1. Can you figure out the FRET efficiency of residue A:257 with residue A:347, using R₀ = 45 Å and their beta-carbon distance, to the nearest 0.05?
2. Heavy-atom accessible area per residue, region A:100-188, 1.4 Å probe: how many Å²?
3. What do you get for trypsin sites (Lys or Arg not before Pro) in chain B restricted to DSSP loop and a cutoff of at most 11 other Cβ within 10 Å of the site's Cβ?
4. Ignoring ligands, DNA and RNA, how much accessible area is buried between chains B and A, both sides summed, with a 1.4 Å probe, to the nearest 100 Å²?
5. Just in region B:12-72: which chymotrypsin sites (Phe, Trp or Tyr not before Pro) are loop by DSSP and have at most 14 other Cβ atoms within 10 Å?
6. Sequence-distant or interchain residues sharing an amide H contact under 5 Å with residue A:292, placed H: which?
7. Please list, in order along region A:202-219, the HN-Hα scalar couplings obtained from phi with the Karplus expression 6.51 cos²θ - 1.76 cosθ + 1.60 (θ = phi - 60°), rounded to whole Hz, x for Gly and Pro.
8. Per residue of A:310-317, what is the mean number of Cβ atoms on other protein chains within 10 angstrom of that residue's Cβ?
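The values are calculated or read from the model by the stated rules, or taken from the named source; none is laboratory data. Note that the structure is predicted; figures quoted are calculated from it, not measured. Cβ coordinates were reconstructed from backbone atoms using ideal geometry, including for glycine residues, and neighbour counts include every protein chain displayed. Side chains are part of the model used for accessible areas, which takes the heavy atoms of the whole protein and leaves out ligands, DNA and RNA. Shrake-Rupley method; radii C 1.70, N 1.55, O 1.52, S 1.80 Å.
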Amino acid sequence: MNLVFLPVRRLAELVRAREVSPVALAETFLHRLETLGPRYNAVVTVTRERAMEAARRAEREIAAGRYRGPLHGIPYGAKDLLATAGGIPTTWGAAPLRAQRFEYDATVIRKLDEAGAVLCAKLAMVELAGGMGYRQPHASFTGPGINPRNPDAWSGGSSSGSGSAVAAGLVPFAIGSETWGSILSPAGFCGVAGLRPSYGRVSRHGAMALCWTLDKLGPLCLTADDCGLVLEAIAGPDPADPTTTDRAWRYDDTGTRRDFRFGVLTGVTEGSEDAVRANFERSLDVLRGIGTVEEVELPALPYEAITRTILHVEAASAFEDFIEGGTIAELTAPEDHYAAYARDAILAKDYVKALRLRAVMAREADRVLSRFDALVGPGRVNVAPPLDQEFRSAIGGAAPDVMGAVGNGAGLPAIIVPNGVGDRSLPTSVQFMGRVYEENTILAAARAYGVRP
Amino acid sequence: MPTERGQDADAEVEGLLALIRERYGDRLTPEQLDGVKKGVEGIVKAARALRAVRLENSDEPMQSFVPYRADP
């Protein structure tokens with residue numbers, strides 16, 4: 001039986017029925033990680049020893065009738081900014097930190113352990129999660145992330161390996177992180193599903209801090225349904241991360257609604273490539289089959305400037321020693337050697353203004369979203385850029401991304417799923433962004449969208 | 001989108017760049033300093049967009065302070 005490219009839900013059925021052994025599953029994906037991982041620059045460390053130990057434990061438990069749930073015995077990979085014990089390096093994608101190690105597991109890793117999932121690899125990422133101002137794909141000591149759909153294209157960032165590993169069938173699911181775009185970008189560019197949870201839904205304890213008030217951890221999977229299964233395992237309050245919400249969350253995979261209310265921001269396709277725009281129009285036609293679609297406007301506010309200012313200040317502070325000490329000169333991307341110095345130019349009064357405007361932005365976004373189940377838009381305005389070119393970045397101020405600025409600045413959940421093919425045979429995508437804590441609503445919408453009438 | 005009135009953006013960029021040059025100039029090549037200048041231009045543009053929005057006195061930052069006390 002070919003186990004590669006089967007959704008987590010299907011693999012779980014096979015594991016639970018003991019038709020597939022967790023050890024065989026781990027062997028299958030470890031082999032792919034070891035042999036195909038280098039082709040995509042997707043892997044930092046294959047965690048073979050830890051994986052086989054976990055797989056054998058899962059096999060024993062399931063044989064003894066102690067089935068933990070749908071992730072029991074399922075292999076996965078984690079972005080290499082999540083701390084892992086046992087001498088496994090956690091490099092943050094940065095050459096100066098190649099040998100960095102922690103003596104504990106991040107909460108997300110611990111929760112996945114408890115769910116019985118099998119950590120098979122630490123996955124490649126853009127150095128320091130892209131926080132130093134990179135503008136092109138060669139920004140990791142493991143090399144540029146290569147897109148499994150087209151080897152001349154980038155896999156996206158900063159969760160580059162999380163996107164490419166799922167798309168190439170190196171792991172059934174992966175964990176990524178997003179400060180602004182780092183889950184949605186690789187998922188969209190590689191043609192897989194990616195879920196950015198609400199801020200505070202998933203503990204950040206043990207994850208590299210880029211921006212304390214913007215960082216989120218979430219899954220990249222083959223399907224939206226799988227994203228729900230994984231989120232349930234990693235969500236929840238954590239005393240080690242006081243910003244986690246006390247609201248419990250269970251994945252609701254029931255129901256087949258056809259009465260969704262979708263909003264589309266005026267001008268949301270501005271700056272999009274032709275194929276992105278055409279595929280998004282086709283997506284809207286599909287969505288009209290499962291609900292209503294209404295154009296809507298947000299009030300005129302400098303959304304990108306608000307979120308960008310907060311991001312730049314927090315990142316500059318989080319990596320103050322790294323920047324001031326000059327260690328950034330050892331990073332891979334030439335622009336990462338100096339771009340962060342510019343952030344000393346942000347005045348305290350302007351930063352506080354951004355924080356005050358953030359509250360206005362959050363209120364306005366919630367007011368608009370309260371009328372809808374989700375705002376929808378193109379997942380990315382373009383397909384994956386070529387490996388050897390600079391790209392336009394909203395964080396750098398070179399591209400519009402109101403949904404990304406509002407969604408990340410206000411801590412709103414979003415899911416991205418493929419919606420077609422664009423230039424150079426690369427995938428395009430559509431995103432569904434919901435009110436805070438409404439992951440089940442956007443997951444239901446994405447599932448319904450995926451089940452075409 | 002409202003824009004801030006008055007003030008010369010170029011002068012603001014030059015003033016802020018002088019600070020960065022003072023702090024880090026000895027470790028930056030002329031090409032890198034050009035890159036930093038582009039970054040400062042973006043920061044000034046964003047700051048002026050933020051300043052152009054008028055807020056009410058009651059509009060507080062979305063970052064609350066919570067006093068700390070260790071148990072018990």
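1. The pair residue A:257/residue A:347 has a calculated efficiency of 0.40.
2. Details: 1810 Å² over 89 residues.
Using a 1.4 Å probe on heavy atoms only, each residue of region A:100-188 averages 20 Å².
3. Numbers: sites: B:5, B:21, B:23, B:27, B:37, B:38, B:45, B:48, B:51, B:54, B:69; in loops: B:5, B:54, B:69.
Taking chain B and a limit of 11 other Cβ atoms within 10 Å, the loop trypsin sites (Lys or Arg not before Pro) found are B:5, B:54, B:69.
4. 2700
5. The qualifying sites are B:65, B:68.
6. A:260, A:261, A:262
7. Ordered by residue, 3J(HN,Hα) equals 10, 4, 9, 4, x, 9, 4, 8, 9, 9, 4, 9, 10, 5, 9, 10, x, x Hz.
8. On the way: counts 2, 0, 4, 0, 0, 0, 0, 0.
Rounded to a whole number, the mean comes out at 1.
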